[in-house]
Amino acid sequence: MIDKETIGVAFLGVGRMGETHLRNITAISGVKVIAVADLIAERAERGRVMAGAELAMNDSAKAIEHSSVDAVVIVTPTGTHAQLIELAVTAGKAVFSEKPIALNLAETQRVVQLVRERKVPVQLGFMRRFDPGYARAKAKIGAGELGKLETFRALSRDTYPPSLEFLLGSGGLFLDMSVHDLDLARFLVGEVEEVYAWGSVLIDERFAHADTAVTLLRFRNAVLGVMETSRRSNWGYDIRTEVAGSVGKVVIEAPQKTPLHFAKDFASSFDHYENFPDRFEFGYRLELEAFFAALREGRTPGPGPEDALETLRLALAVTKSWREKRPVKVSEITA
């Protein structure tokens, strides 16, 4: 529990996603950004101004070590997450980090073990869990309103392919993009036992491995699932999830952004969300509010490192299935 009037924060990484988190943190009562760190000085200074922080710096370790810092928010490139989480946890600072911890199982397990030993609160940024639609779906499933669960379907299409710089460090389609639907599969239905994935390059040869994929899931509780993933959607950000049971189903979808439906000349139209920052605006805000509320109330925030570990294991199983062109049991994936 952090029993202070104001929780001091070190904020690391001021890219596009970092700016989204920084704006959300500044709106949370009782939370103050003390230091903003980024390797690019201009970004750090921009973040300092945005947050009204005391310091802008290019040394994340110094930001973490600052005596007024109680919690660390990590929104840096993927390859830096594990080291920064370890630095913060070793210093006894609570951590909110964007996913993943790391792109390999051994490094992730090392961080998970450190967190267990130090008993420091750590939350990972699987923001879809906090989206009101997914939260309501989870509540209905938990209350048994769907009956016995039978099928799971998830579809994710990004509006625009990412930059080549991002692709080189992302870990590929399954570890970077499909991982959100895999986390939802675990969150809404339960643990997955076996997967079978197909992937193709249909959008851009830069992707080299796969930019479009279909994955079959077989859950431990016998539920069956299908997951579609694509790096491009010319009609807008396209995210849909369905869980069906013996007596009911839930469908989570937000196709319309503005509450306006325009009709004229025997036709009608409405707008779509452009990308993840506007579609999951509430999820991004609510996950940080939940993190800081947990720190104040002495609760363990979630999803935690163990969730990140098991979702990574699942994503690695999907990747292995695609590469080896065969069904893969999740239990095959070990460090």
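The values are calculated or read from the model by the stated rules, or taken from the named source; none is laboratory data. Keep in mind the model is a prediction, meaning the values are calculated, not measured. Cβ coordinates were reconstructed from backbone atoms using ideal geometry, including for glycine residues, and neighbour counts include every protein chain displayed. Surface areas here come from the heavy atoms of the whole protein model, side chains and all, with no ligands, DNA or RNA. Shrake-Rupley method; radii C 1.70, N 1.55, O 1.52, S 1.80 Å.
For the chain, what is the calculated [θ] at 222 nm in deg cm²/dmol (nearest 500), taking -39500 (n - 2.57) for each run of four or more DSSP H residues and dividing by its residue count? Intermediate values should be presented prior to the final figure.
Working: 12 runs with 126 residues, N = 335.
So the helix-based figure for the chain works out to -11000 deg cm²/dmol.
Efficiency by 1/(1 + (r/R0)^6): what FRET value for residue 326 and residue 271, r their Cβ-Cβ distance, R0 = 51 Å, to the nearest 0.05?
0.75
Working out 0.36 nm times the residue gap between residue 261 and residue 49, then minus their Cα-Cα distance, what length gain in nm do you get to one decimal?
Details: separation 212, 0.36 × 212 = 76.32 nm, distance 3.85 nm.
Between residue 261 and residue 49, full extension yields an extra 72.5 nm.
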| task | Please find the FRET efficiency linking residue 40 to residue 299, where r is the Cβ-Cβ separation and R0 is fixed at 56 Å, and quote it to the nearest 0.05. | result | 0.95
| message | What distance in nm separates the two pseudo spin-label positions at residue 202 and residue 116, each 7 Å out from Cα along the beta-carbon direction? | response | 4.1
| said: Apply the Karplus curve 6.51 cos²θ - 1.76 cosθ + 1.60, θ = phi - 60°, to the phi angles in the range 313-324 and return the couplings in whole Hz, x for Gly and Pro. | reply: 4, 5, 5, 5, 5, 5, 4, 5, 4, 5, 5, 9
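How many lysine pairs in the range 67-158, separated by 8 or more positions in sequence or lying on different chains, have Cα atoms less than 26 Å apart?
Numbers: 93/119; 99/119; 99/138; 138/148; 140/148.
Lysine pairs satisfying the spacing and distance rule in the range 67-158 number 5.
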| Among 75, 33, 120, which one shows the biggest mean-square fluctuation in a GNM of the chain, springs joining Cα atoms closer than 10 Å? | 120
| remark: Shape descriptors of the range 88-170 over alpha-carbon atoms, Rg and Dmax in angstrom, are 17.5, 46
| task | Let me know the volume per residue of the alpha-carbon convex hull for the chain, in Å³. | result | 154
| Reachable aspartates and glutamates from residue 32, criterion Cα separation under 14 angstrom, eight or more residues apart if same chain | 5, 54, 70, 289
| Under a straight-distance cross-link criterion of Cα-Cα below 21 Å, which lysines are reachable from residue 329, leaving out those fewer than 8 residues away in the same chain? | 320
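Classify the range 33-89 from the C-alpha gyration tensor, please: rounded if a/c falls under 1.5, else prolate or oblate depending on whether a/b exceeds b/c. The partial results should precede the final answer.
Details: a/c = 2.05, a/b = 1.26, b/c = 1.62.
Note, shape of the range 33-89 comes out oblate.
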| said: So with the 1.4 Å probe, I'd like the accessible area per residue for the chain, rounded to whole Å². | reply: 46
| task | Using a 1.4 angstrom probe on heavy atoms only, work out the carbon and sulfur share of the accessible area of the chain in %. | result | 53
